[in-house]
Amino acid sequence: MFKDYMDIKPEVAEALSAGKPVVALESTIISHGMPYPKNVETARAVENVIRENGAVPATIAIIKGRIKVGITDEELEYIATAKNVAKVSRRDYPIVLSQQMDGATTVAGTMIAAEAAGIRLFVTGGIGGVHRGAAESHDISADLEELKTTDVVVVCAGVKSILDIGGTLEYLETAGVPVVTYGTDDFPAFYSSKSGFKAEYRFDDPKQAAAAIRAKYDMGLRGGMLIACPVPEKYEMPFDEMEKIIGQALRECDEKGISGKRITPFILDRVKQLTGGESLEANIHLVLNNADIGSKIAADLSK
């Protein structure tokens with residue numbers, strides 16, 4: 001069974017047993033999304049925000065073939081600095097676990113482990129989606145398939161703006177995944193609060209979100225829910241400006257022949273360089289904002 005490969009941190013296990021709020025966190029953002037030591041500082045700050053709102057953080061990672069649901073400070077340092085850490089989605093689990101490798105869970109990988117552990121809510125930066133040019137490349141993130149089938153609510157800053165946002169929203173609609181914005185009518189575009197796409201529904205407080213989540217699972221409807229929160233205005237980057245920068249990064253990606261799971265880390269790093277580090281600051285603060293909102297929803301959901 002899946003749980004045979006899993007170690008749940010005692011603090012997390014006790015909270016789940018007592019019905020207290022628990023928030024899952026991914027580890028790809030730590031090992032592949034940010035440079036050291038910013039990655040460790042941000043991970044600790046996110047966990048602190050969640051604790052301040054009365055919830056228990058459960059960062060999920062794979063260390064030497066064991067799925068860790070909740071990691072210690074020592075394990076955080078390890079996953080942030082270790083070499084050859086695999087990005088783990090659904091397809092990667094059997095190989096990474098059987099070969100006792102280290103792994104950082106993607107959105108999809110984190111959802112799988114969170115559901116197995118009994119965690120209903122997961123906070124991340126932005127989800128993967130339909131890549132630009134997917135009509136030719138057929139490049140669609142496994143995150144979308146997981147949202148279709150796995151019972152975990154994902155709180156994020158929308159779809160990563162390097163992707164085809166409209167195509168991703170169409171995919172999620174077809175899959176029957178509820179997509180709701182938080183505090184805005186505009187679907188956010190990760191670094192920017194507006195993408196040019198309107199959301200069908202919005203929440204304005206944690207109670208509304210928790211009520212909708214309860215209704216979904218009380219009805220037995222399979223799959224996740226996506227709650228998209230805009231980046232705080234102070235750290236927002238103009239959408240048109242980011243489109244130009246992302247376009248340049250995508251062209252360089254094609255020129256270098258970069259493909260598959262290496263695309264997103266390359267583009268995010270290149271965008272950071274082209275924005276003089278501003279995109280990294282936006283990334284950090286949008287994750288903190290998502291953690292604040294997500295943990296408040298989790299607290300209300302546990303009542």
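Computed from the coordinates by the stated procedures, all read-outs in this text should not be read as laboratory data. Keep in mind it's a predicted model, so treat the numbers as computed, not measured. For neighbour counting, all protein chains shown are included, and Cβ atoms are generated from backbone atoms with ideal geometry for every residue, glycine included.
Structure notes:
- When Thr149 is tested against (1) buried (at least 17 other Cβ atoms within 10 Å of the Cβ); (2) more than 25 Å from Leu288 (Cβ to Cβ); (3) of a type in the set (Ser, Thr, Tyr), only condition (1) is not met.
- Within the range 14-43, being farther than 14 Å from Leu280 by Cα, in a helix (DSSP H, G or I) and not β-branched (Val, Ile, Thr) holds for Glu14, Ala15, Leu16, Ser17, Ala18, Ser31.
- Residue among Ala104, Ala108 that is under 23 Å from Ile267 (Cα atoms), assigned to a strand (DSSP E or B) and either touching a Gly at 6+ places or on another chain (Cβ under 6 Å) or aliphatic (A, V, I, L, M) (or both): Ala104
- Hits in the range 233-262 (condition: closer than 24 Å to Asn290 by Cα, among the aliphatic types (A, V, I, L, M) and in a helix (DSSP H, G or I)): Met242, Ile246
- Single condition Ala15 does not satisfy, out of (1) surrounded by fewer than 23 Cβ atoms within 10 Å (Cβ to Cβ); (2) of a type in the set (A, V, I, L, M); (3) touching a strand residue (DSSP E or B) at 6+ places or on another chain (Cβ under 9 Å); (4) more than 22 Å from Asn290 (Cα to Cα): (4)
- Flag if Ser279 is farther than 24 Å from Ser141 by Cα, touching a Leu at 6+ places or on another chain (Cβ under 9 Å), of a type in the set (S, T, N, Q) and crowded, with 20+ Cβ neighbours inside 10 Å: no
- Yes/no for Asp218 being within 18 Å of Val23 (Cβ to Cβ) and either surrounded by fewer than 17 Cβ atoms within 10 Å (Cβ to Cβ) or basic (Lys, Arg) (or both): no
- Residues in the range 182-199 that are among the charged types (D, E, K, R) and part of a strand (DSSP E or B) were compared, and the one that is surrounded by the fewest Cβ atoms within 10 Å (Cβ to Cβ) is Lys198.
- Matching residues, the range 64-85, being over 19 Å from Thr42 (Cα atoms) and surrounded by fewer than 20 Cβ atoms within 10 Å (Cβ to Cβ): Lys64, Gly65, Arg66, Lys83, Asn84
- Taken together, the residues in the range 200-215 that are touching a helix residue (DSSP H, G or I) at 6+ places or on another chain (Cβ under 8 Å) and either surrounded by 17 or more Cβ atoms within 10 Å (Cβ to Cβ) or of a type in the set (Asp, Glu) (or both) amount to 5.
- Members of the range 200-232 found to be within 21 Å of the chain's Cα centre (by Cα), hydrophobic (A, V, I, L, M, F, W, C) and outside any loop (DSSP other than H, G, I, E, B), listed by number: Phe203, Ala209, Ala210, Ala212, Ile213, Met225, Leu226, Ile227, Ala228
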